[in-house]
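For reference, the structure is listed below as structure tokens.
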Amino acid sequence: MKIARLGSIVAMSLALGSLSKPAAAEASTKVGVIDTQRAIMETEDGLRMQATLKKIFDSRQRELDKKQVDLQKERDDIEKQRGVLSQEALTKRVEKWQRDMMQLQTVFVEYNKEMQKKQNELTQPIFQRAMGLIRRLATQKGLDLIVDKQAVPYVRSDLDLTDQLITLYNSGGAAGAAEPGAAPAPAPAPAPLPAPKKP
């Protein structure tokens with residue numbers, strides 16, 4: 001996911017920067033950890049966003065499934081008519097079926113692009129507010145560094161601030177939390193729609 005990659009890059013660059021400090025400064029570095037993706041998805045806004053995406057996904061999936069069932073029926077009918085139709089008529093029906101199948105593949109790709117765009121659009125404001133709150137938590141707790149949980153193999157549970165971030169976000173602490181001029185960050189990629197099966 002893009003959030004995880006971004007968190008990993010930020011964590012590594014901050015960690016590398018701290019290597020140039022004297023050993024005494026390293027020993028006193030205060031670190032917190034946040035599972036950014038879980039935090040975003042479990043906020044009230046994140047849960048609403050997921051419900052919206054699921055509604056869109058389910059609607060699109062029903063359309064794809066119906067088209068796929070229709071194509072399967074058409075193929076079965078072509079098979080049944082194989083001995084009855086002339087070679088020319090059979091060829092025309094097969095070619096039309098192949099065009100329809102290619103069109104279904106195109107629709108599938110377009111639906112996935114639409115889902116990606118919609119998820120980015122819905123996730124971006126949540127992500128921006130969460131980033132502002134992460135900075136606020138770091139300041140309040142006197143932390144020098146907050147690392148994304150997915151960037152490290154082990155974390156002591158007392159260093160994990162994910163639940164605190166979710167609570168702060170849901171309590172309204174997100175209002176105005178994003179710093180002005182902060183660069184927009186990428187949203188996580190949505191799960192793609194299942195590809196239509198080739199009958």
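Okay, residues lined up against (1) more than 30 Å from Lys55 (Cα to Cα); (2) without any contact (Cβ under 8 Å) to a residue 40 or more places away in the chain:
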site	(1), (2)
Glu74	no, yes
Gly83	yes, yes
Lys92	yes, yes
Met102	no, yes
Thr106	no, yes
Glu114	no, no
(Q) List the residue pairs whose Cβ atoms are under 7 Å apart, where the first residue sits in region 144-160 and is farther than 18 Å from Ala130 by Cα, the second is among the basic types (Lys, Arg) and crowded, with 16+ Cβ neighbours inside 10 Å, and the two are 6 or more positions apart or on different chains. (A) Val155/Lys149
Q: Please work out which one of (1) assigned to a helix (DSSP H, G or I); (2) among the aliphatic types (A, V, I, L, M); (3) more than 20 Å from the chain's Cα centre (by Cα) is the condition Val33 fails and give its number.
A: (1)
**Q.** Leading residue by the ranking (farthest from Ile126 (Cα to Cα)) among those in region 38-56 that are in contact (Cβ under 8 Å) with a residue 24 or more places away in the chain and surrounded by fewer than 21 Cβ atoms within 10 Å (Cβ to Cβ)
**A.** Ile56
Q: Have a look at Leu133, Leu64, Leu71, Leu104 and point out the one that is in a helix (DSSP H, G or I) and under 30 Å from Gly172 (Cα atoms).
A: Leu133
Q. Is it the case that region 89-102 has a residue that's of a type in the set (S, T, N, Q) and in contact with a Lys or Arg (Cβ under 9 Å, 6 or more places away or on another chain)?
A. no
Q) Hey, any hits in region 111-121 for a residue that's among the acidic types (Asp, Glu), modelled with pLDDT under 95 and not in a helix (DSSP H, G or I)? A) no
Q | Scan of region 130-143 for residues that are free of Cβ contacts under 8 Å to residues at least 60 places away in the same chain and either of a type in the set (A, V, I, L, M, F, W, C) or surrounded by 14 or more Cβ atoms within 10 Å (Cβ to Cβ) (or both), ordered by number | A | Met131, Gly132, Leu133, Arg135, Arg136
Q.
Given the criterion within 29 Å of Lys141 (Cα to Cα) and not in a loop (DSSP other than H, G, I, E, B), identify the matching residue among Ile78, Ile40.
A. Ile40
Q: Go through region 74-116 and count every residue that is within 17 Å of Ser59 (Cβ to Cβ), of a type outside the set (Phe, Trp, Tyr) and either touching a helix residue (DSSP H, G or I) at 6+ places or on another chain (Cβ under 8 Å) or loosely packed, with under 12 Cβ neighbours inside 10 Å (or both).
A: 6
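The values are calculated or read from the model by the stated rules, or taken from the named source; none is laboratory data. The model shown is predicted, which means the values in this text are computed figures rather than measured ones. Neighbour counts are summed over all protein chains in view; Cβ atoms, including those assigned to glycine, are modelled from backbone coordinates with ideal geometry.
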